[in-house]
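Q: First the structure, then my questions, so here it is.
The values are calculated or read from the model by the stated rules, or taken from the named source; none is laboratory data. Remember, it's a predicted structure, so these values are computed and weren't measured experimentally. Cβ sites come from the backbone with ideal geometry, for glycine too, and all protein chains shown count toward neighbours.
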Amino acid sequence: MIRKKIKVTNRMGMHARPATMIVKAATKYRAEFHIIKDDMDINGRSIMGVMTLAAEYNSELELVADGVDEEFLIKEISELFAANFGEEQMKILKGLAVSEGIAIGKARIIEREKHKIERKLIEKSEVTKELERFNGDVKAALAEIDSLIDNYAASQEHKDILTTQKMILQDPEFVNRVGKQIRNELCSVEHAVSNYFTEVAGIFHKMNNDFYAQRVSDYEDVAYRLLSHTLKQRRSNLADLDENSVLFMENITPSFVTRVFAKRIQGLATVQGARNSHSSIIARSMQLPMLVGIPDLLREVKEGDQVILDGFSGDMLIDPTEEELQKYRKIYEQEKSYQSKLQKLIDLKAVTADGKKIKLLSNIEIPDELDQVVRLKSEGIGLFRTEFLFIDKNDLPDENEQYEIYQKIAAKIYPETVIIRTIDVGGDKLSSILNLRKETNPNLGCRGIRISFQNIAIFQQQIRAILRANQGNISIMFPMISDVDEVIKAKEIIAECCRELQSQKVECNENIRIGAMIEVPSAVITSDAIARECDFLSIGTNDLVQYTLAVDRDNEGVAQYYKTCHPSVLRSIKMTVENAHKAGIPVAVCGEMASNLKYVKLLIGLGVDELSVSPGRLLRVKDKILQTDYIAARKMIEKVLLESSSEQIKAIIRKDNEENI
Ligand code: PEP
Ligand code: MG
């Protein structure tokens, strides 16, 4: 008798085809043949028997043969397993590459946490409000599924799954039952919804049938989606990650990117996401390869799979062949050697080929990025997004804590300068500690400078901390300015804080440059007046594109309308530059457009004085500036500004990039 342990290594497991192959092979021999899995022992010549093992990928089996030709039988069956039953192993999924680089490693799937449901009862007077809340949450969940169907569902199968989820949410039985529990039993929405889905799951489980038991996951998915809206939370648990991990998630928040970066993971991929979301910006800044918008990601990838993430092409290879692995290891090495070539540019100034100086600065989100900025000899920090000190924290950092942070940054970057942008929460950067009210249209709501004006004490605290930390190399910048009155008001608050500090005999430096971000059309149009009140302007193209073209920067579904080189955007930049220069002040671009090599020449041609880019892109952008000819850039922009179609503009840029490779 021969016994042999074997592992199922084909991705699909022992479905009908491999089972048939096993049975066919076994019938050629005379020896008795059994397969054992856990406490099941089946006849290896019975197709039904082999199928009922339900042996999935990675299951452990034992082959048992007894008879004259047992050795040959085991050999042939083992070969079938080793060849993965002839199945193609490698899978390639397509995503949107939002942060360049190659990641090779093992898949780590970060699961969403189960929602914690409080069994809460409501007052009778709250019933109407609670029913409205339920209807609103169902609508929001339906809209989310619609958007997934339209934008993410690549296969018919995925569309069908999502359509089923919609039907579950629209099922009159569900709507009536939850409604009744709210009305008659005074349950809160989350309580009633969770009761319903727990009951349904129980019914399916009792059927003791695999097919129906699997349907439970559809219901669980719907419940999770709906409760995420009800509880306004999407939570994930951070498993222990290491340097070999490539992370897979449904979606990722900006703060989570920074947390996983600290674990030195190789890269990450998400089902949802968009190019200019803050999560993507941070991944780029940290040079963490990242793909977003892969609909089938979590269904195709299994924990521990070998994967390759191509942050240039957007390909995600699961179980790559040896050939692909070698190819990518080579690209990985080439990329590393390009990076080391770029290091030689560290000591060079960013000057165009014909001698025009472009000041090249860095954007930072968290103080941890500072070491890299200093190492790269960046000419300062053109944007410090201070809201990251506030986001996902349990407490607000007080004046002293902020002072220490700003003071350390200013000292570390000295004699270069740091532009501290006052908090810009809102949009996708919601902060729980600021107790922001839920808004139906957050990007048009209370964000940017509006938050500071509505929370004057917090604003003053930040200004005081900045003034105290100023060693002469700090500037203050205000986000989302929409007219000159806001700049005047903000400046008055600075003056007030100065007076207060002085009267309290607290050391501070009032000699501080003040700038405004130009990121909404009204600011562009009145940039002449704004420029007269400022020491510098900085164009936030991420928002400028969003607000000029009325297209949500975080919504992948409308990504095709987010056109960075739309004529209206380019004319807005031109107008802002001209107005800044008329007022005798410099103008920077600190949005992602500045980090994109395709647009560097365009911005130089438009007369922008400074580019502030994510540190991960700094040397590449410098390389591009060094190769760019200012006179040629002016000529190109003259041509570009005559165009009224973004497609034509794109074509000019493409042609120019090809000619100047
Ligand atoms: C911008 O809008 O371009 C910008 C730099 O600010 P943020 O991305 O933080 O909104
Ligand atoms: Mg902005």
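Q: Is there a residue in region 480-488 that is of a type in the set (V, I, T), in a loop (DSSP other than H, G, I, E, B) and modelled with pLDDT under 95?
A: Of all residues in region 480-488, those of a type in the set (V, I, T) come to 481, 484, 487-488.
After this cut, where a residue has to be in a loop (DSSP other than H, G, I, E, B) as well, the list is 481.
Imposing the further condition that a residue be modelled with pLDDT under 95 reduces the set to none.
The answer is no; no qualifying residue exists.
Q: I need the full set of residues from region 512-562 which are among the basic types (K, R) and within 15 Å of ligand 1 (Cβ to nearest atom), in order please.
A: Here is the first cut: in region 512-562, the residues among the basic types (K, R) are 513, 532, 553.
Within region 512-562, R553 is the sole residue that qualifies.
Q: Those residues that are within 19 Å of R553 (Cβ to Cβ) and outside any loop (DSSP other than H, G, I, E, B), I need them from region 585-602; list them, please.
A: Our first condition is that a residue be within 19 Å of R553 (Cβ to Cβ); within region 585-602, this holds for 589-596, 598-599.
V589, E592, M593, A594, S595, K598, Y599 - these are the residues of region 585-602 that are within 19 Å of R553 (Cβ to Cβ) and outside any loop (DSSP other than H, G, I, E, B).
Q: I36 passes all but one of (1) touching a Gly at 6+ places or on another chain (Cβ under 9 Å); (2) in contact (Cβ under 8 Å) with a residue 24 or more places away in the chain; which number fails?
A: (1)
Q: Does region 20-29 contain any residue that is touching a residue at least 60 places away in the same chain (Cβ under 8 Å) and within 28 Å of I331 (Cα to Cα)? Please lay out each step first, then the result.
A: Keep residues of region 20-29 that are touching a residue at least 60 places away in the same chain (Cβ under 8 Å), which gives 21.
Filter again for within 28 Å of I331 (Cα to Cα), leaving none.
No, that holds for no residue.
Q: Next up: State all residues of region 568-582 that are away from ligand 2 (no atom under 16 Å from the Cβ) and buried (at least 20 other Cβ atoms within 10 Å of the Cβ); if no residue qualifies, say none.
A: L570, V577, N579, A580
Q: Look at H566 and say whether it is at pLDDT 95 or above and either among the hydrophobic types (A, V, I, L, M, F, W, C) or out of contact with any Ser or Thr (no Cβ under 9 Å at 6 or more places or on another chain) (or both). Break it down into steps so the answer makes sense when it comes.
A: Working: at pLDDT 95 or above: yes; either among the hydrophobic types (A, V, I, L, M, F, W, C) or out of contact with any Ser or Thr (no Cβ under 9 Å at 6 or more places or on another chain) (or both): no.
The answer is no for H566.
Q: If a residue must be within 12 Å of ligand 2 (Cβ to nearest atom) and among the basic types (K, R), how many such residues does region 533-567 contain?
A: Final tally of qualifying residues: 1.
Q: Determine, yes or no, whether A469 is surrounded by 22 or more Cβ atoms within 10 Å (Cβ to Cβ) and small (G, A, S). Working first, answer last.
A: Values: surrounded by 22 or more Cβ atoms within 10 Å (Cβ to Cβ): yes; small (G, A, S): yes.
In short, yes.
Q: Moving to a separate point now. Count, please, the residues in region 479-508 that happen to be within 16 Å of ligand 2 (Cβ to nearest atom) and charged (D, E, K, R).
A: 1
Q: Which residues, taken from region 62-82, are surrounded by 17 or more Cβ atoms within 10 Å (Cβ to Cβ), over 50 Å from the mean Cα position of the chain (by Cα), part of a helix (DSSP H, G or I) and hydrophobic (A, V, I, L, M, F, W, C)?
A: L73
Q: Kindly indicate whether any position in region 451-468 is in the same structural domain as D552 (by TED's automatic domain parsing), of a type in the set (S, T, N, Q) and within 15 Å of ligand 1 (Cβ to nearest atom).
A: Let us first name the residues in region 451-468 that are in the same structural domain as D552 (by TED's automatic domain parsing), namely 451-468.
This time we only want the ones that are of a type in the set (S, T, N, Q), so: 452, 454-455, 460-462.
Narrowing the set further to residues that are within 15 Å of ligand 1 (Cβ to nearest atom) leaves 452.
Yes - at least one qualifying residue is present in region 451-468.
Q: Go through region 263-293 and count every residue that is closer than 17 Å to A103 by Cα and touching a Lys or Arg at 6+ places or on another chain (Cβ under 7 Å).
A: Summing the residues that are closer than 17 Å to A103 by Cα and touching a Lys or Arg at 6+ places or on another chain (Cβ under 7 Å) in region 263-293 gives 1.
Q: Let me ask something else about it. Given the criteria in contact with a Phe, Trp or Tyr (Cβ under 8 Å, 6 or more places away or on another chain), aliphatic (A, V, I, L, M) and within 16 Å of ligand 2 (Cβ to nearest atom), does A594 qualify? Walk me through it before giving the result.
A: Working: in contact with a Phe, Trp or Tyr (Cβ under 8 Å, 6 or more places away or on another chain): no; aliphatic (A, V, I, L, M): yes; within 16 Å of ligand 2 (Cβ to nearest atom): yes.
Here the answer is no, as A594 does not meet what is asked.
Q: What are the residues in region 547-590 that are among the charged types (D, E, K, R), under 16 Å from C534 (Cβ atoms) and within 21 Å of the chain's Cα centre (by Cα), if any? Outline the logic, then answer.
A: The initial filter retains those residues of region 547-590 that are among the charged types (D, E, K, R), namely 552-554, 556, 563, 571, 574, 578, 582.
Okay, now just the ones that are also under 16 Å from C534 (Cβ atoms), so 578, 582.
None - no residue of region 547-590 is among the charged types (D, E, K, R), under 16 Å from C534 (Cβ atoms) and within 21 Å of the chain's Cα centre (by Cα), so the list stays empty.
Q: So how many residues does region 542-560 have that are free of Cβ contacts under 8 Å to residues at least 24 places away in the same chain and either of a type outside the set (V, I, T) or in a helix (DSSP H, G or I) (or both)? Please lay out each step first, then the result.
A: From region 542-560, those free of Cβ contacts under 8 Å to residues at least 24 places away in the same chain are 549-551, 558, 560; that's our starting set.
If we keep only those that are either of a type outside the set (V, I, T) or in a helix (DSSP H, G or I) (or both) as well, we get 549-550, 558, 560.
Selection size over region 542-560: 4.
Q: Something else: I'm checking my understanding of the structure. Among residues of region 531-561 that are among the β-branched types (V, I, T) and within 25 Å of V600 (Cβ to Cβ), which one is modelled with the lowest pLDDT?
A: Residue satisfying both the conditions and the ranking: V551.
Q: Another question, if that's okay. When region 201-250 is examined, which residues are found to be modelled with pLDDT under 80, more than 23 Å from T52 (Cα to Cα), assigned to a loop (DSSP other than H, G, I, E, B) and not acidic (D, E)?
A: K232, Q233, R234, R235, N237, L238, A239, L241
Q: Take the conditions assigned to a helix (DSSP H, G or I) and either surrounded by 15 or more Cβ atoms within 10 Å (Cβ to Cβ) or at pLDDT below 95 (or both) and apply them to I637. Does it pass? Walk me through how you get there before you give the answer.
A: Working: assigned to a helix (DSSP H, G or I): yes; either surrounded by 15 or more Cβ atoms within 10 Å (Cβ to Cβ) or at pLDDT below 95 (or both): yes.
So I637 fits the description; yes.
Q: Right, something else. Name, by its number, the condition in (1) out of contact with any Asp or Glu (no Cβ under 6 Å at 6 or more places or on another chain); (2) over 20 Å from S99 (Cα atoms); (3) assigned to a helix (DSSP H, G or I); (4) more than 13 Å from ligand 2 (Cβ to nearest atom) that does not hold for A523.
A: (4) is the only condition that A523 fails.
Q: OK, next. Where in region 256-363 are there strands (runs of 3 or more DSSP E), lying fully within it, with 1 or more residues that are at pLDDT 95 or above, under 15 Å from G616 (Cα atoms) and aliphatic (A, V, I, L, M)?
A: Working: elements: 267-270, 290-292, 306-310, 315-318.
Correct list: 290-292.
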